[in-house]
Amino acid sequence: MNFNRLSRCAASLLCAALLVPATSGQAGAQCTAIDGGKLKIKPAAGNSRSKLSWKAKDKSVEFLIADPTAGTTTIEMAAAGTVLATLDYGPASASAWRSGGTPVRIWKYKDKADPSPIDGIQKIISKSNLFKLRGKQGIIDLLTAPLALPVTMQITDSAGACYLARFSQCSDNSNRSIKCRADTSFLPDVPNLVFRSGFENDTNHVYSTGTTAPCTDDLWGEDLSVASPNDWENDLEGGVDGPFGQFHFCFGGGDRSQRSLNLVPDPDDPSNQVLYGRIDEPNEIISDDAIACNNDAIGARKSRIQAVVQDNPSLGRLDYRLRVRLGKPALDVIVNQPEPITWFTLAEFWNNQPAEDDTFRITLGLGKASGTGERLFFSLSAEKQDPGVGTWEDVWPAVGGGVSDVEVPHGEWFTLEVTIVEGDSSGGRVHVRMTDTAGQTHTVADVTNWTYSPDASAGSQDGFKDFNPLKLYTSGALVCALKDQVPSIPLEIWWDDFAIGSPD
């Protein structure tokens, strides 16, 4: 989803503040988020008149305003948290309002019936799940200041109820108008921001074909759906000048018929572009023949898609945010199988890799207990590995068995927030939160413990040189079980709104 951006027109007249600055008010205070629908702005140019129209429509929220003749109704417009204008309609405007229905189902305002109208604001309509505002010229002529996103439109009615719409995607077109699409996903900020992307059209997905090499895909370009820092190479891959090294995607092998990445429309919002990962067959061969799912031995194949951030110079802390959607058909099959799930990774953080001394990893994933119908929950654990030894030893789990009490949504978007700090048993920290589609935030884990191997000698710590913030990794057996369904079911994941930062 696009975030903090006004298309390519950032320096032009089209990127304009909505109205003159105001000195009071605070956008977003204790408000119910609504789907703000569409916001259109057309600045004055030549002989043309400036226009503004806003249409909010949200069937899931009842937001008919309280009687506007009984008090003050306020409409507040803000950009990036700064209030641009506050429109107050108090008792002096009561004659301009008309109601309809018994009980009241609609309120309408017309400026011509207002003895003291706000110049340029012509019409307001409030229904059960609809709010409209239209204006022309007047105060709307003052479209001259740069517009910082997100833009918010807030309604506070005479009874004190407050509703807020947020616009984080805007674009200009040939008739010099600006169109904004609202979102109700209030994405959390990332401290010490280094890079962000909405995976939109200016993101370029490049990949190799005709090969089963382990690492074949990458993302390039400057994602203009978001404000800077938004360059996949110059910002994210900062080298010696930044905390992160190289970024690309690895699969462990296989070809695009078995595992693939693509930039696609959001299944819930076709106007929004996202990154889509899909596994149809276990693609990483460990000790198997060339044919997948033909009575493979346990551990003969793995299923993997992962972003690799590696060669990080000295990364002692990282924070990132990511929206994730897991395919519902596959998860529904998994929960209805009797086997437990102990291996289903969504992110992994290495300090150090298996080829190094003092191997250590932190794994964020999901799991379920044995039994048909058992639910899937997020999990978090830390493990170490002796040099040259394949078995892993637990250092700590987040809670009993590493499985949290936060359930995994099936086929719905959720937002992950992850913070990891390098340290010992008292200085290391891992904090993971999940926000669901209802806007409820749940703490998956908040751990103070080792984030490097307890066996490492003092002073040898060199940070998280490798990590995988976007990952889909599980057993070959699980993916083969999905393939055996009639019809076969792929393991699917969608990613959006990636932002990452570090103070290092």
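Here Gly501, Gly459, Gly476 are screened, and the one residue that is surrounded by fewer than 23 Cβ atoms within 10 Å (Cβ to Cβ) and farther than 20 Å from Glu233 by Cα is Gly459. Here Thr216 clears all of (1) assigned to a loop (DSSP other than H, G, I, E, B); (2) more than 19 Å from the chain's Cα centre (by Cα); (3) within 22 Å of Leu346 (Cα to Cα); (4) not basic (Lys, Arg) except the condition numbered (1).
Please tell me if Gly252 is modelled with pLDDT of 90 or more, surrounded by 14 or more Cβ atoms within 10 Å (Cβ to Cβ), out of contact with any Cys (no Cβ under 7 Å at 6 or more places or on another chain) and small (Gly, Ala, Ser). Yes, satisfied. For the criterion of being within 30 Å of Asp35 (Cα to Cα) and touching a helix residue (DSSP H, G or I) at 6+ places or on another chain (Cβ under 7 Å), Gly411 passes. Looking only at residues in the stretch 50-69 that are touching a helix residue (DSSP H, G or I) at 6+ places or on another chain (Cβ under 8 Å) and either aliphatic (A, V, I, L, M) or not in a strand (DSSP E or B) (or both), the one that is surrounded by the fewest Cβ atoms within 10 Å (Cβ to Cβ) is Thr69.
Scanning the stretch 135-178 for residues that are under 25 Å from Ala45 (Cα atoms), in a strand (DSSP E or B), modelled with pLDDT of 85 or more and in contact with a Ser or Thr (Cβ under 9 Å, 6 or more places away or on another chain) yields Gly135, Lys136. Summed over the stretch 385-421, residues that are touching a Leu at 6+ places or on another chain (Cβ under 6 Å), modelled with pLDDT of 95 or more and in a loop (DSSP other than H, G, I, E, B) total 2.
Go through the stretch 311-335 and give me each residue that's modelled with pLDDT of 95 or more and surrounded by fewer than 18 Cβ atoms within 10 Å (Cβ to Cβ). Listed by number, the residues that qualify are Lys328, Pro329, Asp332, Val333, Val335. When the stretch 329-363 is filtered for residues that are closer than 21 Å to Arg433 by Cα, not hydroxyl-bearing (Ser, Thr, Tyr) and not in a strand (DSSP E or B), the ones remaining, listed by number, are Leu331, Trp343. Taken over the stretch 422-445, the criterion of being at pLDDT below 90, of a type in the set (Val, Ile, Thr) and surrounded by 15 or more Cβ atoms within 10 Å (Cβ to Cβ) is satisfied by Thr435 alone. Gly367 satisfies every condition listed in (1) farther than 30 Å from Pro243 by Cβ; (2) in contact (Cβ under 8 Å) with a residue 40 or more places away in the chain; (3) surrounded by fewer than 22 Cβ atoms within 10 Å (Cβ to Cβ) except (2).
Only one of Pro229, Pro191, Pro270 is surrounded by fewer than 22 Cβ atoms within 10 Å (Cβ to Cβ), closer than 20 Å to Arg325 by Cα and of a type outside the set (Phe, Trp, Tyr). Can you tell me which?
Details: Pro229 fails: closer than 20 Å to Arg325 by Cα; Pro191 fails: closer than 20 Å to Arg325 by Cα.
Selected residue: Pro270, the only one of Pro229, Pro191, Pro270 that is surrounded by fewer than 22 Cβ atoms within 10 Å (Cβ to Cβ), closer than 20 Å to Arg325 by Cα and of a type outside the set (Phe, Trp, Tyr).
Note on the stretch 349-364: residues that are surrounded by fewer than 18 Cβ atoms within 10 Å (Cβ to Cβ) and in contact with a Gly (Cβ under 9 Å, 6 or more places away or on another chain) amount to 1.
The values are calculated or read from the model by the stated rules, or taken from the named source; none is laboratory data. These figures come from a predicted structure and were not determined experimentally. Cβ sites come from the backbone with ideal geometry, for glycine too, and all protein chains shown count toward neighbours.
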